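Taken together, the values in this text are just the output of simple stated rules run on the coordinates, not laboratory data. None of the values given here were measured: they were computed from a predicted structure. Heads up, the Cβs are rebuilt from the backbone with ideal geometry, glycines too, and the neighbour counts pull from every protein chain shown.
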Ligand code: PEP
Ligand code: MG
C-alpha cells in the first residue's frame with residue numbers, strides 16, 4: 001500500500017503543548033431537520049421526546065459540571081452554568097412546546113426552527129451577543145443529538161489518543177474532553193479568547209485553529225502531530241519527525257518539572273537586579289497556584305470575570321465576601337484589584353447598550369463613571385476588604401487625566417459613606433492606573449502625579465496603538481507587540497512615571513513571553529504580572545537575563561523601524577539565552 005506523505009499545515013496556536021495522536025474527525029449534528037407532520041394525538045409524544053432530550057442533556061451537563069468542579073477548571077464551570085440556564089430557559093422550552101402543538105410537527109424540526117429564530121435575532125447584535133449564540137448552539141446540538149440517538153457520540157467516548165478535528169469547537173465539548181482520550185484539538189474556526197479556547201487552556205489540552213479542512217483526505221491520515229506552541233499541524237509524520245517531536249514533548253515535561261523545583265528562588269537578574277513577579281488571576285481558586293509557584297502577590301485581579309458573562313453584578317455585600325476571601329487567602333501578600341473592565345467584548349447579560357464600536361465606546365472607566373452606583377459599591381466592597389491584607393485599587397482603560405481625577409473623587413465619596421456608617425477600611429489605600437490606550441502612555445507623567453503606580457496592559461495597548469482588533473485572527477500579522485510604536489509607548493510610560501518616582505508594572509501577555517521579557521527589563525520595567533501557570537518560566541527567564549545586556553537590546557530596539565526588525569533581534573537574543581530550550585519557544 002502507498003505510504004501517505006508527510007504534510008505540514010500552519011494554523012494559529014490557541015492552547016500550547018505538543019500532542020501526538022490519531023485523527024478523529026467529528027461533525028456535529030448539522031443535518032437539516034425534515035418536517036414531519038404529526039397527529040394531534042402524537043403531540044404529547046413529541047413533547048415527551050423533547051423533554052426527555054432536555055433532561056438527558058441536563059444530566060450530561062450536571063455530570064460535566066461536577067467533574068470540572070472536582071478538577072478545579074473554573075472557567076468551564078461558568079460556561080456550563082450558562083448552558084444549564086439556557087437549557088432551562090422557560091421561554092425557549094415554552095416556545096418549542098407551543099409550536100409542536102400549533103404546527104403539529106415533529107420535535108426536532110420545531111426545535112431547530114426555534115433555534116434558527118434565535119440565530120437571526122443574535123446575528124444582528126454585537127459580537128458579545130453573537131458569542132452568547134454560540135452557547136445556545138452548543139446546548140442545542142446536545143439536545144438534537146438526544147433526539148437522534150443513533151447519531152449521538154460523546155467526547156468522553158472518543159478512542160484513546162484522539163486528536164479531534166472539528167470545524168468549530170464548542171465550550172461544552174471542550175469541557176467534556178478528557179486528556180486520557182483527547183490529546184488535542186484542530187479546528188477551522190475559533191479565536192484565542194473563545195470560551196472553548198479558555199476551557200482547553202485551563203485543561204492543558206493543545207489546540208490549533210485556522211486549519212482548512214477542505215483539502216484534507218482524513219481517511220489517509222494515520223498520525224497527527226499538533227504543536228500548540230507554533231500552530232503547526234503535521235499529518236502522517238515521517239519516523240524522523242515523529243521521533244523529534246516525541247523527544248521534544250518529553251524534554252518539555254522534564255523542564256517544566258525542573259523549573260517548578262526552583263519556585264522558591266528569588267527573582268533576580270544575573271547582575272543582581274530584583275524583579276517583582278506577580279500573578280494575573282480571574283478567580284479565587286487560582287490563588288493556590290500563585291502560592292505554589294512562588295508569586296510575589298497578585299498584580300492583576302480581573303474582577304469582572306467574577307460575574308461575566310453569565311451573571312449580573314453582585315451586590316456590595318456579595319462582593320465584600322469574595323474580596324475578603326481573596327485578601328485572606330493572599331496570606332499577607334499584596335493584591336491589586338482592578339475595578340470592573342466592563343464593555344468592549346465584556347458586556348453584562350441583559351445590557352441594553354448597543355454600540356457600533358464597543359471597544360471604542362463605553363468600556364471600563366467610562367462605564368464606571370457613568371454607572372456610579374455600580375462603581376461606588378465595588379469601591380466600598382474593596383475598601384472594606386482592604387483591612388484584611390495589602391490591597392490596591394486599579395482603574396481600567398483610563399484615557400485622560402480627568403477620568404482618573406473623577407474616579408478618585410468617587411473613591412473619596414465611597415470612603416466618606418463608609419465613614420458615616422462607621423465601617424472599617426484602610427484610608428490610605430494605594431491606587432493605580434492602567435495604561436492601555438496610547439493617550440494614557442503619552443501623558444504617563446501626568447497620570448503618575450495622581451496615583452501610586454501604573455500598570456501597562458499591553459494586550460489592549462497593542463490593539464489601540466495599531467488599531468487592530470485583538471480578537472480578530474485574520475489581522476493576526478498586524479497585532480504585534482514588537483511594533484516600534486508599542487516599544488516607544490512602553491518607554492514613554494517608564495520615563496513619565498520615573499519623573500514622579502512611580503513604579504510601573506506590565507501585566508499584558510507579553511510579560512510572560514521569554515522573548516519579550518529582556519526587552520521589557522531593558523526598557524526599565526521591574527514589575528511583571530503573568531498567568532500563574534507561567535510564573536516558573538518567567539522567573540527562570542529573569543534569572544538568566546542581565547540588565548546591562550537587556551538595556552543594550554532595548555536601546556537597539558528603540559532605533560529600529562519595523563516590527564520585523566525588532567522581532568528579529570528579540571529572537572536572536574532569545575536563541576542565545578536559550579539555545580535548545582523547547583519550553584521557551586511558546587507563542588504568546
Ligand atoms: C491588557 O489589556 O493587557 C490587560 C491586562 O487587560 P485585559 O487583558 O483584561 O484587557
Ligand atoms: Mg485590557
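Figures for the structure shown
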item	result
Ordering of 536-547, 99-110 by burial proxy (mean other Cβ atoms within 10 Å per residue, highest first)	536-547, 99-110
Principal-axis tilt of helix 372-385 within the chain, Cα atoms, nearest 10 degrees	70
Cβ crowding within 10 Å averaged over residues, with 358-364, 4-10 ranked highest first	358-364, 4-10
Shape of the stretch 40-147, Cα gyration tensor, a/c cut at 1.5	oblate
Mean residue ellipticity (222 nm) of the chain, computed from DSSP H runs ≥ 4 via -39,500 (n - 2.57), nearest 500	-14500 deg cm²/dmol
Convex hull projection area averaged over all views, the stretch 265-577, Cα basis, nm²	15.6
Label point distance in nm, residue 477-residue 246, each placed 7 Å from Cα along Cα→Cβ	3.8
Reference-scaled alpha-carbon Rg (2.2 N^0.38 Å with N residues) for the chain	1.02
Computed E for residue 419/residue 488 - FRET, C-beta separation, R0 41 angstrom, nearest 0.05	0.40
Fully extended contour minus Cα-Cα distance, from residue 260 to residue 26, at 0.36 nm per residue	80.6 nm
Cβ crowding within 10 Å averaged over residues, with 213-223, 159-169 ranked highest first	159-169, 213-223
Estimated distance in nm for a label pair at residue 8 and residue 160, the labels positioned 7 Å out from Cα along Cα-to-Cβ	3.2
Over the chain, relative contact order from alpha-carbon pairs under 8 Å, at least 6 apart, %	14
Extended-chain gain in nm, criterion 0.36 nm per residue less alpha-carbon gap, residue 271 and residue 412	46.5 nm
Stretchable slack from residue 372 to residue 238, in nm (0.36 nm times residue separation minus alpha-carbon distance)	42.1 nm
Computed FRET value (nearest 0.05) for residue 356 with residue 565, which takes r as the C-beta separation and R₀ as 30 Å	0.25
